[in-house]
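Visitor: What follows is a single structure, and I will ask about it in a moment.
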Amino acid sequence: MEKEKLNLGCGQDINPEFVNVDIGDYGQDINHDLNNFPYPFPDNRFDEVLMNHSLEHLKEPCDVIRELCRVCKSGSRIQIVVPYFSSPNMWSDPTHKSCFNWHTWERFGGVRILRRKIMYRSNSGFLKSKSLIIDSLINMYPVIFQRLFCYILPPSEIHVELEVL
């Protein structure tokens, strides 16, 4: 039976329950440059897609989402984790091509936003233990946070779950 789950830009995170795809040589199932379309899959194949810290490395995120809509079945879930636009991690990696915020996901066609969560995840002593509280406060009022406080208390990443229409 073929795997119906796709792990795009898997890097070294090889998951045996998924079809693992990356351009590097990590022992994944398929070696493919995700900037090249179409992807090597038939229409309507997948039920679930994971993209963990890979979408920000690609040239055309809108084309990637469009291609995922093609290879996914209607109702499929796409889970994406990317650096938040005000995160120092976003700007410290010269291979990042796109940045993402709370509203970015409203611009993609063919999908519906199921969940969005801004994650602080501090590594510093005092704030590390408080990051769950900070995450909760940020996500109570994400638009206000993004407008007024995202550079004062920059979060690490944003987690998004999309549904293919």
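Visitor: So what is the relative contact order for segment 17-66, in percent, with contacts set as C-alpha pairs under 8 Å and at least six apart? Intermediate results must be reported in sequence, preceding the final value.
Guide: Numbers: 31 pairs, mean separation 12.2, N = 50.
About 24 percent, as a whole number.
Visitor: Then there's this: Of the DSSP beta bridges with both residues in segment 1-104, give the percent that are antiparallel, rounding to the nearest 5.
Guide: Numbers: 0 of 15 bridges.
Expressed as a percentage, antiparallel bridges in segment 1-104 total about 0.
Visitor: While we're on this one: Taking the Cβ of each residue in 143, 164 as the centre, tally the other Cβ atoms inside 10 Å and list the residues starting with the fewest. Provide the component values of the computation, followed by the final result.
Guide: Numbers: 143 10, 164 22.
Going from least to most buried by this count: 143, 164.
Visitor: Calculate for the chain the 222 nm mean residue ellipticity that helices alone would give, adding -39,500 (n - 2.57) per DSSP H run of length 4 or more and normalising by residue count, nearest 500 deg cm²/dmol. Can you show the working numbers first?
Guide: On the way: 4 runs with 39 residues, N = 165.
When only DSSP H runs of four or more count, the value is -7000 deg cm²/dmol.
Visitor: Something else: Return one number: the angle in degrees, 0 to 90 and rounded to the nearest 10, between the long axis of the Cα atoms of helix 61-71 and the longest principal axis of the Cα atoms of the chain.
Guide: Value to nearest ten degrees: 40.
Visitor: Something else now. Pick out, from 36, 141, 8, the residue whose Cα sits farthest towards the positive end of the charge dipole of segment 5-164, with +1 on the Cβ of Lys and Arg and -1 on the Cβ of Asp and Glu.
Guide: Looking along the dipole axis, the top candidate is 141.
Visitor: Sorting 151, 120 on the 10 Å Cβ count, fewest up front, what's the list?
Guide: Working: 151 9, 120 23.
The order, fewest Cβ neighbours first, is 151, 120.
Visitor: Something else now. Going by how many other beta carbons lie within 10 Å of each one, how would you line up 8, 165, fewest first?
Guide: Placing the least packed residue first, the sequence is 165, 8.
Visitor: Could you state the angle between the C-alpha long axis of helix 125-140 and the longest principal axis of the C-alpha atoms of the chain, as a value from 0 to 90 degrees rounded to the nearest 10?
Guide: 70 degrees
Visitor: Provide the packing ranking of 77-84, 18-25, 59-66, i.e. peptides ordered by the mean count of other C-beta atoms within 10 Å per residue, highest first. Could you put the intermediate results ahead of the total?
Guide: Numbers: 77-84: 21.9, 18-25: 18.1, 59-66: 16.1.
Answer by packing, highest mean first, reads 77-84, 18-25, 59-66.
Visitor: Right, next: Of [x] 48, 33, 27; [y] 65, 36, 27; [z] 46, 38, 24, which is the value of Cα extents along the principal axes in Å derived from the coordinates here?
Guide: [x]
Each reported figure results from applying straightforward, stated rules to the coordinates on display, with no laboratory input. All values derive from a computational prediction rather than experimental measurement. Using ideal geometry, Cβ is built from the backbone for each residue, glycine included, and neighbour counts are taken over all protein chains shown.
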